[in-house]
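*Asks:* Please see the structure below; I have some questions.
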Protein chains: 2
Amino acid sequence: MESKLRVVIIGGVACGPKTAARLRRLHPNAEITMVERDAIVSYGACGLPYYVEGLFSSINTLIETPVGVARTPAFFDKAKGFKVLTRTEAVKVDRDNQKVDIRNLETNETGSLPYDKLVLATGGLAFHPPIPGIDLKNVWFMTHPNHAESLVKEIQDKGFKTAAMVGAGFIGIEMAEALTHRGLSVHLIEMADQIMPGVLDHDIATFASKHLKQKGVKLVLGERVTGILGDTQASGVQTNQQNIDAEAVIIAVGTRPNDSLARDAGLECMARGGIVVNSYCQTSDPNIYAGGDCAVNTYIDRLIGNPMYVPLGSTANKHGRIIANHIAGNAVPFGGITGTGIVKAFDFNISRTGMSERQAIDLNLDYETTYWSGPDRPHYMPGSKPLLIKMIACKKTRKLLGIQAAGMGDVARRIDTAAAVIRFGGTLDELADIDFAYAPPFSPPIDPLATCAHIMLNKLDGIANGISAYKAKERIENDDVVLLDVRTPGEIETMQLPYPCTHIPLGALREKAETLPKDKDILAFCKVSMRGYEAQRILNAKGFDRVYFIEGGIIGWPFEVKMLK
Amino acid sequence: MESKLRVVIIGGVACGPKTAARLRRLHPNAEITMVERDAIVSYGACGLPYYVEGLFSSINTLIETPVGVARTPAFFDKAKGFKVLTRTEAVKVDRDNQKVDIRNLETNETGSLPYDKLVLATGGLAFHPPIPGIDLKNVWFMTHPNHAESLVKEIQDKGFKTAAMVGAGFIGIEMAEALTHRGLSVHLIEMADQIMPGVLDHDIATFASKHLKQKGVKLVLGERVTGILGDTQASGVQTNQQNIDAEAVIIAVGTRPNDSLARDAGLECMARGGIVVNSYCQTSDPNIYAGGDCAVNTYIDRLIGNPMYVPLGSTANKHGRIIANHIAGNAVPFGGITGTGIVKAFDFNISRTGMSERQAIDLNLDYETTYWSGPDRPHYMPGSKPLLIKMIACKKTRKLLGIQAAGMGDVARRIDTAAAVIRFGGTLDELADIDFAYAPPFSPPIDPLATCAHIMLNKLDGIANGISAYKAKERIENDDVVLLDVRTPGEIETMQLPYPCTHIPLGALREKAETLPKDKDILAFCKVSMRGYEAQRILNAKGFDRVYFIEGGIIGWPFEVKMLK
């Protein structure tokens, strides 16, 4: 009888169970053991904010299968066919003897698990900032079902009315919404001067922030939390500028790769954290794999040279499949990530994929940006919702580098399509050619993503002379420019930019062009910027060569606008 | 002074105005004249069913810009900068003298327009079947705002209660929904034995048909309409099998390219209709372009050799841009289409892109199919909606060939992403690698499209032994097979396949496997097919080699199921 392949998996949330289940299907005779410190495994960690929001009433929903079966060790044994040891800590990886030393956290019993292949799926650790009061009662880190459950219980039992959410990343925003829906008044505090730093560029972040504020979230940007107030339980947070009262304090200021086991075993890790793996998720020891939030990833086209740390449940699942395939003798390389991220924030969907402008600058790329704003369906369809897209492209290759999108409209669809284009190294022309699904309930005849690519091509070809809202604001406030509003009188009565404007509806511009100066920069705009662009072309044709249009128009203006009706 | 480039455009609905507007922006000095038979131009023809449905109350909405400006010749002159001649027929193209003979349909005045470049955007013509009664009152073709307006007026004035919709293509389905919402009882009659023939494969069409029937549409498949009943006004339709009463008869049995002007001018056209163009939309006369519904298209990767006739507003707009670019000296080739189509049918979204299985068969490709069904978000998220995806891939190259999707879930997102993958000739592994936007409000951690690719890869690798619902039904009804339901008892109480089944929940299968026969084919299934697949692997490991799982499970079963609760 041939000896069985012994596979030990450390970590039981996402990558671990995925690896084990897939490997079992591929390799009926492998001896698969999954070790997990916690009492529960394979839970939907991404669902915690939605439990807090009250979208489902039992925290067990996150631990059960879709048909309500609890994912217990017995379930994995019977349904999935592998062994799960919960409340069991992997203490040390002994590479020389190919075994993992373990300890039962209930009984303190120790032992060891020999392996032929070892999978590290140890996940991430919420960063605990070294500030006074961090261990007070009523301070939560939202990384475990227990945290969400106790937070909801306290809110219900104590009738909390205020919360401070520290960190405006994905979890911070999801929690700000969840707590607001629960009836709490929420301060969302972020050290950076924008929400979602490192994910969104400042302009898109500013645009999205408007919505959070409209929904009642008290946004505190550019302030560092220096301590948690309170004696035994939190009563608020102290920043470098103010004290903020809060009965509940939730901290989500980033995740760090839990790579200590790998480090101790001498496996290659990044200095800043994260286990280094190849395309098959093998570590520097080919018998040891790593996947999920403990590992770093490679950008899909290697344009970004340094490994990236982007912990995500979707990537963790991909890793699990890659690892199981490779152990089973089916080597399929993982292509890498494009840094996609998405978050729902009240009625807004906010997302990005590929490179941000910030990254393009850091990489010293010769890039161009552009913006598109507008409704996601033809104007005559009810239920049409606006969105703003920012696009970044390489000037030389005309390839799409990245997009960011925010708004009530269908963002996910455009992000996935853009992620696919970036996956294949597609150019803007190729993107615009895609046979997008078109019917009025779904999109305008030219998909917003394609239109945005068209604007970018027009800029690269020197036809469209767009200026971003940020640069426009700077010019308006510092220079003697003409701000030309080409909307209809009816539109102007409803919404305006908060600056003096010259009003000439587009239809009258050919006649009235002479009333404009040729020796000043003219910044044309409309609701979304299509007519602004047309105004630029009309004036160009009449010999004006200092005309720009404000990309994204009023709808995409990230700062405050004057709402008149 | 240099002589101006004279550009004449025939046709003013989609491709025509797009060409003219773009060309004006690129070429400030060109003399652009657009000629249109009709009194109105540049209307949202795709919006007609939604007007009938009552989603907006004035038909003029379709003729106005998003800010309510009527798209009249004066509007085009002032805002867009080109000349529009309405109620003007292009009688003949005189290629030798580079002029178009025109006639004013109001005054009968004739004249001619000299051109340097001519653009044919003459659109499509609704096919008028040669049957008795086709010209009766209360028979509508839904191709013009006047048709929609008079239909609604008649419904309101006469209080119509019944309608017969002839043709179950895109417009037929949209109109069936629109009229049902208006309170009419609708017969939807289709000559083929499925809805959307030529677009969907029979199985996906059958799956989608269930929803139409649930919504009260009386589907009549496989019957040919042989005449319209009634003396002066329609009272119903006669098929080759029955008479169906109807106060309103709407006919949408296909569009034919309006290519007569091109044919008469000796330009190359397909025998079955449609002007032949190159990648720049040039006809066989390089000074004459054609775009929109009068032209044929090429499939994106030339896998489908014959030009395809797929009239769509989105493609017409792409053509307009390609033509304007080329006339302006900026040659950007059009990559081609992938045959994408989408329709909303009540709560269902139904769509396809790329090749159908039918086309793969006709092309003699060595292909494989698979199916995925399930909710479009994690099970714990409320608002999650089911969908069914069918995927077609090339066995040899492992490239994605096409997908079809139907259901309440987010179909458009997956179709666009698949269209992008097909655009770039992507393989299934590359598809699965895409960094899809993941957060619980948007999708499961592994996107349905990626999971479907995984299943396909498992099939190609000989790991997954899937059988389609169609083949399963045939086997169940004709052969002595074991139908193995591996769901939980609770699930079985709510919904069942209408056949005797052996019930063994997946968790008990390892123990109870011996109760199953090894000398019969076993067809395992569950709700969506994941556990069915796991059952197959479990039984394989126990020496059963005649096990299949039914792809798509009960959720994806296209035929009737027993609903028990």
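*Asks:* Taking a probe of 1.4 angstrom, what is the accessible area of A:Ile446 in Å², to the nearest 10?
*Replies:* Near enough 40 Å² of accessible area.
*Asks:* Putting +1 on Lys and Arg Cβ atoms and -1 on Asp and Glu Cβ atoms, find which of B:Asn458, B:Leu431, B:Thr417 reaches farthest to the positive end of the dipole of segment B:413-508.
*Replies:* Ranked along the dipole, the leading option is B:Thr417.
*Asks:* Considering only C-alpha atoms, what is the centroid distance from segment B:100-174 to segment A:78-121, in Å?
*Replies:* For segment B:100-174 versus segment A:78-121, the Cα centre distance is 73 Å.
*Asks:* Quick one: with label points 7 Å out along Cα→Cβ, list the inter-copy distances for B:Pro286 in nm, shortest first?
*Replies:* Distances between equivalent label points, in nm: 5.8.
*Asks:* Probe radius 1.4 Å, ligands and nucleic acids left out: which of B:Asp94, B:Asp301 has the largest accessible area, and how do the rest follow?
*Replies:* B:Asp301, B:Asp94
*Asks:* Specify whether the C-alpha gyration tensor of segment A:61-167 places it in the rounded, prolate or oblate class, a ≥ b ≥ c being the square roots of the eigenvalues: rounded for a/c under 1.5, otherwise prolate if a/b is larger than b/c and oblate if not.
*Replies:* oblate
*Asks:* Another question, then. How large is the accessible surface per residue of chain A, computed with a 1.4 Å probe and reported in Å² as a whole number? Present the calculation step by step, with values, prior to reporting the outcome.
*Replies:* On the way: 21030 Å² over 565 residues.
Dividing the accessible area of chain A by its residue count gives 37 Å².
*Asks:* Starting from a Cα-only point model with no solvent, please compute log10 I(q)/I(0) by Debye for segment B:5-129 at q = 0.10, 0.12, 0.18, 0.19 1/Å.
*Replies:* Results for segment B:5-129 at q = 0.10, 0.12, 0.18, 0.19 Å⁻¹ read -0.34, -0.48, -0.99, -1.07.
*Asks:* Can you give me the distance in nm between label points at B:Asn540 and B:His128, each placed 7 Å from the Cα along the Cα-to-Cβ direction?
*Replies:* 6.0 nm
*Asks:* At q = 0.14, 0.29, 0.32 Å⁻¹, what is the log10 ratio I(q)/I(0) for segment B:43-96, with the Debye formula run over Cα points and no solvent?
*Replies:* -0.54, -1.09, -1.18
*Asks:* Which order do A:His326, A:His211, A:His503 take when ranked by solvent-accessible area (1.4 Å probe, heavy atoms of all protein chains), largest first?
*Replies:* Values: A:His326 40, A:His211 10, A:His503 90 Å².
Result, largest first: A:His503, A:His326, A:His211.
*Asks:* May I pose another question? Just to confirm the numbers: B:Lys158, label point 7 angstrom along the Cα-Cβ line, distances to the other copies in nm, shortest first?
*Replies:* Going from nearest to farthest copy, the values are 7.1 nm.
*Asks:* Just to be sure I understand the interface: list residues from segment A:56-92 that lose 10 Å² or more of accessible area between the chain on its own and the complete protein assembly, 1.4 Å probe.
*Replies:* A:Phe56, A:Thr61, A:Leu62, A:Pro66, A:Val67, A:Val69, A:Lys78, A:Ala79, A:Lys80, A:Gly81
*Asks:* Using only the Cα atoms of chain B, construct the convex hull and provide its projected area averaged over every direction, in square nanometres to one decimal.
*Replies:* About 29.5 nm², averaged over all directions.
*Asks:* Under 12 Å from the Cβ of A:Lys99, count the other residues' Cβ atoms, weight Lys and Arg +1, Asp and Glu -1, and hand me the total.
*Replies:* Within the 12 Å Cβ shell, the charges total -1.
*Asks:* Let me ask something additional. Once you order the gyration tensor axes a ≥ b ≥ c over the Cα atoms, which shape class does segment B:78-235 get: rounded for a/c under 1.5, otherwise prolate or oblate by comparing a/b with b/c?
*Replies:* Details: a/c = 2.37, a/b = 1.88, b/c = 1.26.
Taking the square roots of the gyration eigenvalues as a ≥ b ≥ c, segment B:78-235 is prolate.
*Asks:* Residues of B:222-229, mean number of Cβ from any other protein chain within 10 Å of their own Cβ, rounded to a whole number?
*Replies:* Whole-number average of other-chain Cβ neighbours for B:222-229 is 0.
*Asks:* Tell me, what is the 1.4 Å probe accessible area of A:Arg6, in Å² to the nearest 10?
*Replies:* 80 Å²
*Asks:* Would you tally the net charge around A:Gly222, using a Cβ to Cβ cut-off of less than 11 Å, leaving A:Gly222 out, and scoring K and R as +1, D and E as -1?
*Replies:* Taking every Cβ under 11 Å from that of A:Gly222, the sum is -2.
*Asks:* A follow-up question, please. Taking accessible area as the heavy-atom solvent-accessible surface of the protein chains with a 1.4 Å probe, which residues of segment B:331-363 lose no less than 50 Å² upon going from the isolated chain to the full protein assembly?
*Replies:* B:Ile342
*Asks:* Next up: Give the ranking of A:Asp376, A:Asp519 by solvent-accessible surface, highest area first, calculated with a 1.4 Å probe.
*Replies:* Accessible-area ranking of A:Asp376, A:Asp519, largest first: A:Asp519, A:Asp376.
*Asks:* Separate question: Over all alpha-carbon pairs in segment A:325-385, figure out the percentage whose distance exceeds 12 Å.
*Replies:* Values: 1485 of 1830 pairs.
The share of Cα pairs beyond 12 Å in segment A:325-385 comes to 81 percent.
*Asks:* Now a separate question. Return the tail of the calculated pair distribution for segment B:234-367, meaning the percent of Cα-Cα pairs more than 25 Å apart.
*Replies:* So the pairs more than 25 Å apart make up 42 percent of the total in segment B:234-367.
*Asks:* Put a label point 7 Å from Cα along the Cβ direction on A:Glu477, then list its distances to the equivalent points in the other copies in nm, shortest first.
*Replies:* Its label point is 7.2 nm from the equivalent points in the other copies.
*Asks:* Follow-up. At a probe radius of 1.4 Å, what is the per-residue accessible area of A:Thr19, in Å² to the nearest 10?
*Replies:* In the full protein context, A:Thr19 sits at about 0 Å².
*Asks:* Now for a separate question. Just to confirm my numbers, what's the Cα centroid distance between segment A:509-552 and segment B:253-276 in Å?
*Replies:* What the calculation gives is 41 Å, centre to centre.
*Asks:* Considering only DSSP beta bridges whose two residues both sit in segment A:446-565, what percent are antiparallel, to the nearest 5?
*Replies:* On the way: 2 of 13 bridges.
Close to 15 percent.
*Asks:* Right, next: Please label the shape of the protein assembly as shown as rounded, prolate or oblate, based on the square roots a ≥ b ≥ c of the eigenvalues of the alpha-carbon gyration tensor (a/c under 1.5 means rounded; beyond that, a/b larger than b/c means prolate, else oblate).
*Replies:* Oblate, because a/c is 1.5 or more while a/b does not exceed b/c.
*Asks:* How much of the DSSP bridge set in chain B is antiparallel, in percent, rounded to the nearest 5?
*Replies:* Counting DSSP beta bridges with both partners in chain B, the antiparallel share is about 55 percent.
*Asks:* Another question about this same structure. How big is the gap, in Å, between the Cα center of segment B:429-453 and the Cα center of segment A:414-464?
*Replies:* 20 Å
*Asks:* How much accessible area is lost when chains A and B come together, counting both sides, with a 1.4 Å probe, in Å² rounded to the nearest 100?
*Replies:* So the buried area, both faces added, is about 7800 Å².
*Asks:* Something else now. Pick out, in residue order, every one of the GluC sites (Glu not before Pro) in segment B:73-165 that is DSSP loop and has at most 14 other C-beta atoms within 10 Å; say none if there are none.
*Replies:* Passing both the DSSP loop test and the Cβ count: B:Glu106, B:Glu109.
*Asks:* I'd like the projected area of segment A:161-226, averaged over all directions, using the convex hull of its alpha carbons. Report it in nm² with one decimal.
*Replies:* Spelled out: convex hull of the Cα atoms, projected over all directions, averaged, 4.0 nm².
*Asks:* Let me ask something else. Would you mind counting up the charge near B:Trp140? Only other residues with Cβ under 15 Å from its Cβ, with Lys and Arg at +1 and Asp and Glu at -1.
*Replies:* In short, -3.
*Asks:* What is the calculated FRET efficiency for A:Asp429 to A:Val67, with r their C-beta to C-beta distance and R₀ = 60 Å, to the nearest 0.05? Write out the running numbers ahead of the final one.
*Replies:* On the way: r = 47 Å, r/R0 = 0.78.
That gives a FRET efficiency of 0.80.
*Asks:* Taking just the alpha-carbon atoms of segment A:358-513, what radius of gyration and Dmax come out, in angstrom?
*Replies:* Just the Cα atoms of segment A:358-513 yield Rg and Dmax of 17.2, 48 Å.
*Asks:* Ok, one more. Taking the simple approach of a point 7 Å from Cα along Cα-to-Cβ for both A:Thr232 and A:Asp157, what is their distance in nm?
*Replies:* For the pair A:Thr232/A:Asp157, the computed spacing is 1.3 nm.
*Asks:* Which residues belonging to segment B:366-403 lose at least 30 Å² of 1.4 Å-probe accessible area when the assembly is complete, relative to their chain isolated?
*Replies:* B:His379, B:Tyr380, B:Met381, B:Pro382
*Asks:* Suppose R0 equals 51 Å. What FRET efficiency, 1/(1 + (r/R0)^6) with r the Cβ-Cβ distance, do B:Ile361 and A:Lys4 give to the nearest 0.05? It would help to have the intermediate numbers written out before the result.
*Replies:* Values: r = 44 Å, r/R0 = 0.86.
The formula returns an efficiency of 0.70 here.
*Asks:* Of all beta bridges DSSP finds with both residues in segment A:284-408, what is the antiparallel percent, to the nearest 5?
*Replies:* 95 percent
The values are calculated or read from the model by the stated rules, or taken from the named source; none is laboratory data. Quantities reported herein were computed from a predicted structural model and do not represent experimental measurements. All Cβ positions, even for glycine, are placed from backbone atoms using ideal geometry, and neighbour counts span all protein chains on display. Note: areas computed on protein heavy atoms with side chains; ligands, DNA, RNA excluded. Shrake-Rupley method; radii C 1.70, N 1.55, O 1.52, S 1.80 Å.
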